[in-house]
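See structure below.
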Amino acid sequence: MREDTERGSKTAAVVGGGITGCAIALDLTRLGFQVTLYEAKPLLGGILRDLESDGRWYFNGCQYLRTEQVWHKALPEALQGNLYRFAHYYGSYTDLGFGPVSHEDFEAPVFDAPPDGLADPEAYRACTSLADRMRCYPPAVGDAVLGWLRHLGADPEAIDAGNAYNVQLGRLYLRGDDKEIDTLKTGSPVADDLLGLPRTTRGEGRPIGSLPTDGYNAFFDVFETILTGAGVDIRTGQPVVPRFENDTAILRLRGEILRPDLIVWAANPTPVIAAAGLGRLDDPFVDITVSAGSISGPGLPADPHYMQVYSTGSPVTRIFSYPRDGGHSVTVEHMPDGRSLPDLQAHVQEICRSFYGDVRIEIAVQQPQRRHIFFSPADRARFDAFRDLCTTRYVNFIDGAWESYARDTKINSIASTVRARLPLLPF
Ligand SMILES: Cc1cc2nc3c(=O)[nH]c(=O)nc-3n(C[C@H](O)[C@H](O)[C@H](O)COP(=O)(O)OP(=O)(O)OC[C@H]3O[C@@H](n4cnc5c(N)ncnc54)[C@H](O)[C@@H]3O)c2cc1C
């Protein structure tokens, strides 16, 4: 669908060739832009690129796409054909405070409702840090989750409250008071932000997820062909540097100055905030390891399944099992706690038992990763200040909706900012 008649008269640079940059580059061609996509690495895909070992690929984390999203529906047929669909299963294992609770249909911590009530919605409005946010829950729940965050190596006092979703702490399920939770949620958006009910409890059924049949690397090869076919000039191995001059944003690429009509920065915000004179981002991060391999057992679900793990006795945070070549693969995200591979395998098998019965896991590949999934309250203020600058001075620059963690929100948000900004651009 073309929303503008003339292509080529206006130019756009998209920085970052992850899923966000690729989706936005395609969207901009539909708006009539001549688009160049800059990616620092040799290949497109960003954080979604698969892990590989002995000619096999494994998902690099538990990351599926959601088919009901606007941007997903707009993906061309050739890409849709590269994805398989499934009723999305997820589960949660929590042993914080009240003994182990596992739930087959909820992706955040599940607690048996404590005797001291549900949550304090009023405290929610005054939250600054993630620690404040967790104090909106009864102490037995909030303190247990705070202990878990510290166990992860995170400092909840230094992390913005808006990160609750990034670590699947947005809505906690305090099991046993479903009726009361439902009443609270219906009556107040604040309570709805704090408390969860499993979708199936609310009669909503399971969302339809999608994953690339042959892994994300192959998916991005197809995406590259589609982008090229749509006229996007893809420049890989090209790290660009932002610069703000007078009232315009420009880019520098190895000494060359680029002056596109529009810039979308779908990449790491640190150099942008610094170049705009807003200081250095605190950029709190966590170090994790991704371990992947095979999983087998009679009770494994046929569809992909992921499980969040909340336990101060375990380094594991997520386990994702998915069908592959008639069998199953598994990807585990965990903290690097120095345990041996056999110990890790035995430990993950033990956690899996509560969902799938007996399983056997063989890890084939491990990769340490530094994940930049958090921002501090001061970083949030810097993002807000920068966004103000963009609506008044640097109108040709669109930020990458950096606070949005989920790719769906990020892509949808950038696409709507682009449309809102078009009338301010000089063409
Ligand atoms: C642990 C973890 C789990 C996640 N789980 C989920 C999930 O379950 N669901 C969900 O929706 N989202 C999830 N996310 C978020 C999801 O990964 C991101 O939203 C999405 O994959 C990021 O894609 P992106 O294109 O925004 O960024 P990236 O994939 O990081 O891509 C950015 C690209 O920009 C390039 N780049 C950086 N600087 C420059 C430069 N100066 N010039 C040119 N190129 C540059 C990088 O090389 C990179 O390829 C998760 C993220 C993490 C870290």
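Worth a mention:
- Pairs with Cβ under 8 Å, 6+ apart, first in the range 54-68 and at pLDDT 90 or above and outside any loop (DSSP other than H, G, I, E, B), second of a type in the set (Lys, Arg) and within 15 Å of the ligand (Cβ to nearest atom): Leu65/Arg407
- Of all residues in the range 188-203, those that are polar (S, T, N, Q) have Cβ atoms under 7 Å from Cβ atoms of residues that are part of a loop (DSSP other than H, G, I, E, B) and surrounded by fewer than 18 Cβ atoms within 10 Å (Cβ to Cβ), 6 or more apart or on another chain, in Thr200/Asp105.
- Inclusion of Phe111 among residues that are more than 19 Å from Val222 (Cα to Cα), at pLDDT below 95, of a type outside the set (Lys, Arg) and assigned to a strand (DSSP E or B) is warranted.
- Residue match in the range 325-342 (condition: more than 27 Å from Asn163 (Cα to Cα), in a strand (DSSP E or B), outside the structural domain of Ser416 (by TED's automatic domain parsing) and touching a residue at least 60 places away in the same chain (Cβ under 8 Å)): yes
- The range 268-298, subset in a strand (DSSP E or B), hydrophobic (A, V, I, L, M, F, W, C) and within 16 Å of the ligand (Cβ to nearest atom), residue farthest from Phe59 (Cα to Cα): Val286
- Count of the range 69-108 residues which are farther than 22 Å from Ile414 by Cα, part of a loop (DSSP other than H, G, I, E, B) and not polar (S, T, N, Q): 13
- From the options Ile234, Ile250, residue that is within 20 Å of Ala25 (Cβ to Cβ), within 12 Å of the ligand (Cβ to nearest atom) and in contact with a strand residue (DSSP E or B) (Cβ under 8 Å, 6 or more places away or on another chain): Ile234
- Just one residue in the set Ile295, Ile288, Ile319 is farther than 22 Å from Asn166 by Cα and β-branched (Val, Ile, Thr); that residue is Ile295.
The values are calculated or read from the model by the stated rules, or taken from the named source; none is laboratory data. Keep in mind the model is a prediction, meaning the values are calculated, not measured. Every residue, glycine as well, gets a Cβ built from its backbone with ideal geometry; the counts of neighbours run over all protein chains shown.
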